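Read through the structure below, which is laid out as structure tokens, and then see the notes.
The values are calculated or read from the model by the stated rules, or taken from the named source; none is laboratory data. Here the structure is a predicted model, which is why all the values come from computation and not from measurement. Cβ placement follows ideal geometry from the backbone for every residue including glycine, while neighbour counts extend to all protein chains displayed. Keep in mind that these areas ignore ligands, DNA and RNA; they rest on the heavy atoms of the full protein, side chains included. Shrake-Rupley method; radii C 1.70, N 1.55, O 1.52, S 1.80 Å.
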Amino acid sequence: SLAYYGFSRWKDAQSKVDLWTLVPEDAAFVLETNNHTALVEHLKETQLWDSFAMLPVAQRLAENIAWLDSISPGNERLTRFLNEKEILTSVHVLGKSELQYVFYVPVNTVGEHRFLRTLTENVNRSPVFEEESRNYQGFYLTDIHNTAIGSSFTYFSYHNNIILSP
């Protein structure tokens, strides 16, 4: 029975999850892209990006990505990791001028798992970030606080997917 339990847990962990099933129903809109860099470049050419870039949530996101990119293993690996993936981003309206977003990022290969493990180890060693873990409804959540800019984000892994949100 122990072998069956172990095999069933391993099989469940290996099964692919449709990311759309993870998106909450209260999302105002959802972006799906398989070329993150091209999407950002296209949005920067529109008035939508100008409006979004003025929001504090967008500024904190850009600053956190820059900090994470500075400690990521290799040269610009975070950008390469995010590019050419089927990524979902759900946007949630919290108030008149407050948005929240959630990223759903699949982790498909051993190299991607290795990259994430090294990145989390670098976050632990960095004097800029403070990490705290907690259990929430059976999920192991990791809270990362950026002491340089005073913002935080939380992530967890679910069936080879990273779900990340401030």
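Here are some notes:
- Full extension of the segment from Lys85 to Asn34, taken as 0.36 nm per residue of separation minus the current Cα-Cα distance, would add 17.9 nm.
- Estimated at 0.36 nm per residue, the fully extended path between Asp18 and Gln100 surpasses their Cα-Cα distance by 27.3 nm.
- Helical content of the chain, expressed as a calculated mean residue ellipticity at 222 nm, amounts to -12500 deg cm²/dmol (DSSP H runs of 4 or more residues, -39,500 (n - 2.57) each, divided by residue number, nearest 500).
- Span-like helix ranges in the chain, DSSP H, alpha carbon extent 20 angstrom or more, Kyte mean at least 1.0: none
- Think of the chain as having a plus end and a minus end, set by charges on the Cβ of Lys, Arg, Asp and Glu; of Val40, Leu164, Ala62, Leu164 sits farthest toward the positive end of this dipole.
- Mean shadow area of the chain over all directions, Cα convex hull, nm²: 11.2 nm²
- Here the accessible area of the chain is 55 percent carbon and sulfur, with a 1.4 angstrom probe and all protein chains present.
- Available extension along the chain between Leu43 and Ile65 is 6.2 nm, counting 0.36 nm per residue and deducting the alpha carbon span.
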